[in-house]
Each structure stands twice: as C-alpha cells, then as structure tokens.
Amino acid sequence: MTSFQPLHSVTSQSLTGKLQGFHEALLADYPHICRLACAIYDKPTDVLKTFINSTRQGHAIAGYEVKLHDTPSLLHLANHQQSRVIDDISAEIHSGSVHSDWLLEQGYLSSFTVPIIRQNQFLGFVFIDSVEKNSFTLSIQRDLIMRCASICDAIANELATAHLLVAT
C-alpha cells in the first residue's frame with residue numbers, strides 16, 4: 001500500500017533540506033549565523049506562518065501564525081520590499097508577544113530579515129539570526145541578499161508548483 005503525505009508536508013521537507021544546505025554553506029563564511037527560518041504569507045487570510053528552518057542554537061518556533069497587519073514592522077518591510085537589521089535584539093525587542101518572548105529566550109543577539117518577493121508579489125520572509133551583536137554589516141547584508149535569492153527562488157518555485165497541483 002502506498003502512503004501519501006499532505007502536499008504541504010512534502011514541499012516543506014524538500015525545502016528544509018535545501019535550506020539546511022544553504023545554511024551549511026553560509027557557516028563557512030559566517031560561523032555566527034545560528035538560525036535561518038522562512039515564513040510564508042497567505043494573502044487571502046493575511047496570515048504569516050512558520051514554514052521551514054535550519055536551527056543550530058536554540059529551538060525552532062513551530063506552528064506560529066500571525067496576521068501580517070498585526071505586525072507593523074513586518075508589514076512595512078513587505079509593503080516596501082525592504083530588508084531589516086536588528087543589531088541588538090535584547091535592546092530592541094520587548095517581551096509581551098509569543099514571538100518576542102520566544103526570540104528573547106533563544107539567546108540570539110542580532111537578526112537580518114529579507115522579504116521573499118517574486119514577480120513583485122510578497123511571499124514571505126527569510127529570517128537570519130546570529131549569536132553575536134552587530135553581525136550584519138552592510139557588506140554582509142549585500143552578500144546575504146544575493147545568496148538568499150537562491151533559497152527565495154526555491155521557495156517561490158515550490159509554492160507555485162503546489163498551487164498548480166491544488167488547482168488541477
């Protein structure tokens with residue numbers, strides 16, 4: 001008997017392997033990067049949800065969902081197709097939300113957020129976290145944006161394929 005996995009499960013598993021390989025390659029140049037994670041955006045429901053991650057320190061946040069319009073800083077990044085650096089997470093992030101509390105508990109000290117944009121459409125974010133403060137200089141940001149293009153393409157392609165299969 002053949003067993004079938006839900007489409008989302010198959011898609012996220014293959015992408016998780018790609019993200020872990022991408023993370024391994026980054027570690028050669030940036031050993032302080034301890035976490036990469038992707039969240040995808042569902043436009044009809046306005047929900048941003050955890051999708052895949054590669055975590056070397058701390059534990060991954062799983063099953064987290066939030067309305068994009070309830071997170072003004074991320075909404076701004078999505079609307080303006082901009083990246084964001086947080087140089088000192090402990091000074092700039094305050095407890096009080098599930099995600100903020102989780103982030104502070106992990107011991108990450110700086111973060112870089114890159115929107116996933118394809119054909120001028122916002123699809124989600126790549127979150128890159130470091131165990132060092134001020135990890136993401138301008139030159140590192142430029143390099144990471146260029147390198148993130150490959151994982152963003154893989155995510156966009158997998159999502160497009162999944163949408164086609166569902167539509168069929």
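The values are calculated or read from the model by the stated rules, or taken from the named source; none is laboratory data. Note that the structure is predicted; figures quoted are calculated from it, not measured. Positions of Cβ are generated from backbone atoms using ideal geometry, with glycine treated the same way; all protein chains shown enter the neighbour counts.
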message: For the stretch 83-98, check the following and say yes or no: at least one residue is at pLDDT 90 or above, closer than 20 Å to residue 129 by Cα, of a type in the set (S, T, N, Q) and in contact with a strand residue (DSSP E or B) (Cβ under 6 Å, 6 or more places away or on another chain).
response: yes
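Taking the condition over 21 Å from residue 21 (Cβ atoms), exposed (fewer than 12 other Cβ atoms within 10 Å of the Cβ), over 13 Å from the mean Cα position of the chain (by Cα) and modelled with pLDDT of 95 or more, does residue 165 pass?
no
From the list 63, 58, pick out the single residue that is at pLDDT below 95, exposed (fewer than 13 other Cβ atoms within 10 Å of the Cβ) and not acidic (Asp, Glu).
63
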message: Being hydroxyl-bearing (Ser, Thr, Tyr) and under 17 Å from residue 126 (Cα atoms) is the filter here; which residues of the stretch 58-106 pass it?
response: 64, 71, 73, 83, 100
Unique residue being closer than 21 Å to residue 44 by Cα and hydroxyl-bearing (Ser, Thr, Tyr) when the list is 113, 71: 71
task: Kindly establish whether residue 96 is exposed (fewer than 14 other Cβ atoms within 10 Å of the Cβ) and closer than 17 Å to residue 136 by Cα.
output: no
- request: Find all pairs meeting these conditions: Cβ atoms under 6 angstrom apart; at least six residues apart or on different chains; first residue within the stretch 64-90 and touching a residue at least 60 places away in the same chain (Cβ under 8 Å) and under 20 Å from residue 149 (Cα atoms); second residue surrounded by 11 or more Cβ atoms within 10 Å (Cβ to Cβ) and of a type in the set (Val, Ile, Thr).
  value: 83/114
field: Subset of the stretch 11-55 (residues that are modelled with pLDDT of 90 or more, under 25 Å from residue 131 (Cβ atoms) and in contact with a Phe, Trp or Tyr (Cβ under 8 Å, 6 or more places away or on another chain))
entry: 34, 35, 36, 37, 38, 39, 48, 50, 54
field: Inter-residue pairs, beta-carbon under 7 Å, first free of Cβ contacts under 8 Å to residues at least 24 places away in the same chain and in the stretch 104-116, second crowded, with 19+ Cβ neighbours inside 10 Å and of a type in the set (Gly, Ala, Ser), 6+ apart
entry: none
message: Quick check on the stretch 119-139. Is at least one of its residues of a type in the set (Lys, Arg) and either without any contact (Cβ under 8 Å) to a residue 12 or more places away in the chain or over 23 Å from residue 59 (Cβ atoms) (or both)?
response: no
